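Here the structure is laid out as structure tokens; the discussion comes afterwards.
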Amino acid sequence: MGSPGAGGRRVLLIAFHYPPASESSGIQRTLKFSQYLPEHGWTPAVLSAHPRVYDRVSSEQLAEVPAGMPVLRAFALDTARHLSIAGRYPRALALPDRHVSWALGGIVQGMALIRRFRPDVLWSTYPIASAQLIGATLARLTGLPWVADLRDSMTEDEYPRDPVQRASFLKLEKRVVTHAARVVFTTPGARAMYAARYPEVPPERWTVIENGFDEENFTRAAGREPPPRSDRARVRLVHSGVLYPSERDPRPFFDALAALKARGVVDAARLCVVLRYTGHDALHRSEIERRGIQDLIELAPPVPYEAALAEQLAADGLLLFQAANCNHQIPAKLYEYLRAGRPILALTDAAGDTAATLRAAGIDSIVALDDAAAIEAALATFLDRIEDGSAVRIGRPQAERHGRRARTGELAALLDALVASR
């Protein structure tokens, strides 16, 4: 491992989500790369968006931004919020996404930053498609090698659903895989899908760098109080993060809870399920109330990142939701769950990458997200195992290979090889 800044190599990280953004777990990937790349001989700078475009902001993680590192927050607007009249706006102002104005600001201000910073490599990260538009354009204008961090797939058979936006995404996706020097995914399944989709692309262009957890965040989280409890249940299960209505549909889980309650297996004295920051509380609340299980479920508001980690550390068990249509994806929170060392009940397809990662860690409590009857049986067994102490818990040594420092080392090795090959 090199000393900070050793070797004099520089990389420009292009990322929409960066502190003070506080609306996506994806922020951790860029933030931790920017923190740990100097340990591997790379000096980073960050090109991000003006904070006005974020749905939620927090100053909590600004202290983790490396002191003295160049961070340029380019002009950006959210078309839906800033450029609409009576909720309507020209379609062209929201392609490929509603943050496309950031592409204009990012390209102009990115060129100025490149002239000052003189990077050796450009790196841009999805899921905001405009980040890849910026990366592609800056690479073309400067001739610098470009690494496109797709993480997951940009397009699926039914995503984006809107045909105009889908056409825009497909065009940009083709540009990314054609012109990027390396395309990075977070799972083997995503890499395999793209290799099959674009057989003309040389296989060495595809790379996997998984997500992970950060030990320093967990160390600080262990020293702070978790969010206060509003229940006195014996068992507290936690899901931390957004519950998308399709990709993480919790309704079969709600059905299973209702069935267990009707049978007298669970009540508010035995179980409390905390759904922390679902992002769709109103929708989920109506489903919960319709089933009469509001005494078992707490729809909890967002909390600072390390408070959320503290809650995971204090939970009796952790819940993971992932539909079969996301089999080539792994939720970033999975790695945090592994580090938390608490029992995990995963509602996911046994054939997906998420299930494979869990099985490799020794987790056997895996059941399909859309099978309410199977969830009912698995949840009852999971609660029994928590209470009798037989539930599987992952030890620190096993979790450590998923650390963000190790992942940053993988990125640094990729950048080293890319520069050496020029």
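Name the residues in the stretch 59-99 that are open to solvent by 40 Å² or more (accessible area, probe 1.4 Å), more than 18 Å from Leu113 (Cβ to Cβ), under 22 Å from the mean Cα position of the chain (by Cα) and in contact (Cβ under 8 Å) with a residue 12 or more places away in the chain, would you?
Of everything in the stretch 59-99, those that are open to solvent by 40 Å² or more (accessible area, probe 1.4 Å), more than 18 Å from Leu113 (Cβ to Cβ), under 22 Å from the mean Cα position of the chain (by Cα) and in contact (Cβ under 8 Å) with a residue 12 or more places away in the chain turn out to be Ser59, Glu60, Leu62, Arg98.
Give the residue that is most open to solvent (accessible area, probe 1.4 Å), with candidates limited to residues of the stretch 394-422 that are assigned to a loop (DSSP other than H, G, I, E, B) and over 24 Å from Gln28 (Cα atoms).
Taking the stretch 394-422 first, the residues assigned to a loop (DSSP other than H, G, I, E, B) are 394-395, 421-422.
Those still in the list that are over 24 Å from Gln28 (Cα atoms) too: 421-422.
Values: Ser421: 83, Arg422: 171 Å².
In this case the residue turns out to be Arg422.
So the check is Cβ under 9 Å with 6+ separation or different chains; which pairs have a first residue in the stretch 104-129 that's modelled with pLDDT of 95 or more and a second one that's assigned to a strand (DSSP E or B) and among the aromatic types (Phe, Trp, Tyr)?
Within 9 Å, the pairs are Asp120/Trp42; Val121/Trp42; Val121/Trp146; Leu122/Trp146; Trp123/Trp146; Ser124/Trp146.
What number of residues in the stretch 26-58 are surrounded by fewer than 24 Cβ atoms within 10 Å (Cβ to Cβ), of a type in the set (Lys, Arg) and under 18 Å from Gly241 (Cα atoms)?
The number of residues fulfilling the criteria is 1.
Can you tell me which residue within the stretch 323-353, out of those that are surrounded by fewer than 24 Cβ atoms within 10 Å (Cβ to Cβ) and among the polar types (S, T, N, Q), is farthest from Asp255 (Cα to Cα)?
Gln329
Among the listed residues Ala300, Ala315, Ala282, identify the single one that is of a type outside the set (Lys, Arg) and under 25 Å from Ala391 (Cα atoms).
On the way: Ala300 fails: under 25 Å from Ala391 (Cα atoms); Ala282 fails: under 25 Å from Ala391 (Cα atoms).
When all the criteria are applied, what remains is Ala315.
Would you confirm, using the coordinates I've provided, whether Asp267 is among the charged types (D, E, K, R), open to solvent by 70 Å² or more (accessible area, probe 1.4 Å) and either more than 24 Å from the chain's Cα centre (by Cα) or under 16 Å from Glu298 (Cβ atoms) (or both)?
Details: among the charged types (D, E, K, R): yes; open to solvent by 70 Å² or more (accessible area, probe 1.4 Å): yes; either more than 24 Å from the chain's Cα centre (by Cα) or under 16 Å from Glu298 (Cβ atoms) (or both): yes.
Answer is yes for this residue.
What's the total number of residues in the stretch 401-422 that are within 14 Å of Tyr335 (Cβ to Cβ) and either in contact with a Gly (Cβ under 6 Å, 6 or more places away or on another chain) or free of Cβ contacts under 8 Å to residues at least 24 places away in the same chain (or both)?
Going through the stretch 401-422 one residue at a time, the tally reaches 5.
Mind counting the residues in the stretch 4-25 that are modelled with pLDDT of 95 or more and open to solvent by 30 Å² or more (accessible area, probe 1.4 Å)?
2
The values are calculated or read from the model by the stated rules, or taken from the named source; none is laboratory data. Treat the numbers as computed from the prediction; the structure is a model and nothing was measured. Glycine also receives a Cβ, built like all others from the backbone with ideal geometry; neighbour counts cover every protein chain displayed. All accessible areas refer to the heavy atoms of the entire protein, side chains included, with ligands and DNA or RNA removed. Shrake-Rupley method; radii C 1.70, N 1.55, O 1.52, S 1.80 Å.
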